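S.K.: This structure is in structure tokens; I'll ask about it shortly.
Since every read-out is calculated from the coordinates, none of them should be taken as a lab result. Computed from a predicted structure; not experimentally measured. A quick note on method: Cβ atoms are made from the backbone with ideal geometry, for glycine too, and the neighbour counts reach across all protein chains shown.
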Amino acid sequence: MYFQYTLKDLQERSSKKEFNYITFFAGGGGSSCAYKLAGGDVRYMNEFQQIHVDTYLKNFPNTVHECKDIKQVTGKGIMELTGLKPYELDLLDGSPPCSAFSMCGTLAREGTVHSDGFGKTKQYSDGKTVTNIEDLFFEFLRVANVIRPKTIIAENVEGLTVGEAKQYFNKIQNTFEDIGYQVVAKVHDCSQFGVPQRRRRVFFMGVRNDIMDTVGLNFMTLSSLFPEPNNSITTLQGAFDGLQYDNDEVEMLTRMWKETAYYKQTCVLMPRNPEKVITGTDYHPKGWHFNLKIASEFQPSPTITAMGATEKTAGVCHWNDDRKFTLGELKRVTSLPDDFKLTGKWEQKSERMGRMVPPLMMKAVADAIYERVLKPYKELNNG
């Protein structure tokens, strides 16, 4: 059964202030939905794209925040803004972009992932650019080394764990250790945690060395912090049950999709209502359009990407209607609340969800680290 919640639920659970957290690369607030569901109180948010900040503040107003490149952010500055002192923060969260290692492109189709993306400039939909995005993970840990949070959670693309990217993965782990944290990493599929979307991501859990000793953890037991997968899979049929539709949006998506080459060359050849997800490359005469997929109502959605979420690009299509998913459907696929507010144009709203950490997945991670680390530490130190 699909787990539904509202922004009011987030406000009520967050008011318990079971733990405090800071979030970097916050996007529109997907990870904050998770931490608030888990009882977390946000102390600071950083995101360098204003359109994402607008969405975040629309849902979580009055959050202390900075809209700037993390390379311009200092731990000292954050502590001055928040009143926090070193070692006081419970959890530092971040999902540094690492598109150089994404599994979604041509290299992934060929079964390889390597560092050709190193040193290149990435341009975002709002026109902002970032050079050397592979440095951002280490900028995140630079800030952590000053603030000294008890725990660190970071999420990233699965491609970090394979091929030449493994060297980068190892460097990340070594940097955690260099700044005084034990770290463990594991790939999880979000569909195993109540999210109606197959989305494989690697999650890093870091615990400060002195906290490890206090709560009785060691390197051998650290991996047990990760939550156990749920054997119950949420299908799209179950996730979309009771969803309200905007007929104008459905008509717009249908009209725009039918104008594309993806539809005319491939989608028209693909069967509707498939029992399992089908891919465009199996139907295009030349084997093109491998990113085009028709979902099955009997399964979770394939991975929703930032590029594939827009109305005219290859991506995931509805199993019966000739269109991409509506914004309401994308909220359910991403495990956002129905009343979550999005800002910007349609394509910017859908792109934002394609970049988000699914809240139900991250909540499982947050619950685990709270119950096994933060709560015991708090009890041992008399709250």
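S.K.: Counting Lys and Arg as +1 and Asp and Glu as -1, what is the net charge of the other residues whose Cβ lies under 10 Å from the Cβ of residue 268?
M.R.: It works out to a net charge of +1.
S.K.: Still on this structure, please answer the following. Would you count, across the range 236-355, every pair of lysines whose alpha carbons are under 13 angstrom apart, provided the pair is eight or more residues apart or spans two chains?
M.R.: Lysine pairs, 8 or more places apart or on different chains, close enough: 9.
S.K.: Could you tell me which of 23, 333, 61 has its Cα farthest along the dipole of the chain towards the positive end, charges placed at Cβ (Lys, Arg +1; Asp, Glu -1), taken about the Cα centre?
M.R.: The residue sitting most towards the positive pole is 23.
S.K.: Which one of 288, 253, 304 is farthest out on the positive end of the charge dipole of the range 234-313, using unit charges on Cβ (Lys, Arg +1; Asp, Glu -1) and the Cα centre as origin?
M.R.: 288
S.K.: Moving on to the next point. Consider just the alpha-carbon atoms of the chain and return their Rg together with their Dmax, both in angstrom.
M.R.: Final numbers for Rg and Dmax: 20.6, 68 Å.
S.K.: Highest mean first, how do 208-219, 12-23 rank when packing is the count of other Cβ atoms within 10 Å averaged over residues?
M.R.: Highest to lowest by the protection proxy: 12-23, 208-219.
S.K.: Any chance you could run the full-extension gain for residue 322 through residue 85? It's 0.36 nm times the residue separation minus the Cα-Cα distance, nm to one decimal.
M.R.: 79.9 nm is the gain from fully extending residue 322 to residue 85.
S.K.: Please list, by residue number, everything in the range 18-44 whose backbone N is under 16 Å from a paramagnetic label point 7 Å out along Cα→Cβ of residue 64.
M.R.: Backbone N within reach: 19-24, 41-44.
S.K.: Sum up the charges of everything whose Cβ sits under 11 Å from the Cβ of residue 347, counting Lys and Arg as +1 and Asp and Glu as -1, but leave residue 347 out.
M.R.: Within the 11 Å Cβ shell, the charges total +3.
S.K.: Taking springs between alpha-carbon atoms closer than 10 angstrom, which of 318, 65, 284 fluctuates most in the Gaussian network model of the chain?
M.R.: 284
S.K.: In addition: Counting each pair of different Cα atoms once, what's the Kirkwood radius of the range 211-369 in Å, rounded to one decimal?
M.R.: Value: 17.3 Å, from the Cα pair sum.
S.K.: Which pairs break 26 Å Cα to Cα here: 16/85; 17/76; 36/85; 58/171?
M.R.: 58/171
S.K.: Give the peptides 153-165, 236-248 in descending order of average Cβ contacts within 10 Å, highest first.
M.R.: Those peptides, ordered most packed to least, come out 153-165, 236-248.
S.K.: Calculated FRET efficiency, residue 269 and residue 223, Cβ-Cβ r, R0 56 Å, to nearest 0.05?
M.R.: 0.75
S.K.: Right, something else. Would you kindly work out the equivalent ellipsoid of the range 159-298 from its C-alpha gyration tensor and give its semi-axes, the square roots of five times the eigenvalues, largest first in whole Å?
M.R.: Ellipsoid semi-axes (Å, largest first): 42, 20, 14.
S.K.: Take the Cβ-Cβ distance between residue 214 and residue 254 as r, set R0 to 56 Å, and report the resulting FRET efficiency rounded to the nearest 0.05.
M.R.: Approximately 0.45, to the nearest 0.05.
S.K.: While we're on this one: Most fluctuating residue of 293, 76, 345 in a GNM of the chain with Cα springs under 10 Å: which is it?
M.R.: Comparing 293, 76, 345 in the GNM, the peak value goes to 345.
S.K.: With each run of n ≥ 4 DSSP H residues scored as -39500 (n - 2.57), what mean residue ellipticity at 222 nm is computed for the chain after dividing by its residue count and rounding to the nearest 500 deg cm²/dmol?
M.R.: Taking each H run of at least 4 residues, the total per residue is -9000 deg cm²/dmol.
S.K.: Expected output is a single nm value to one decimal: the length gained when fully extending between residue 233 and residue 338, i.e. 0.36 nm times separation in residues minus the C-alpha distance. What is it?
M.R.: 35.8 nm
S.K.: Follow-up. Which value results when the Cα radius of gyration for the range 209-256 is divided by 2.2 N^0.38 Å?
M.R.: 2.37
S.K.: Among 265-272, 142-149, what's the highest-first ranking by average C-beta atoms within 10 angstrom per residue?
M.R.: The most tightly packed comes first, giving 142-149, 265-272.
S.K.: Next question. Just the number: Rg to Rh for the range 4-56, Cα atoms, Kirkwood Rh, two decimals.
M.R.: Answer for the range 4-56: 0.98.
S.K.: Now, a different point. Under the 0.36 nm per residue contour assumption, what length would be gained going from the current alpha-carbon distance of residue 145 and residue 12 to full extension?
M.R.: 44.7 nm
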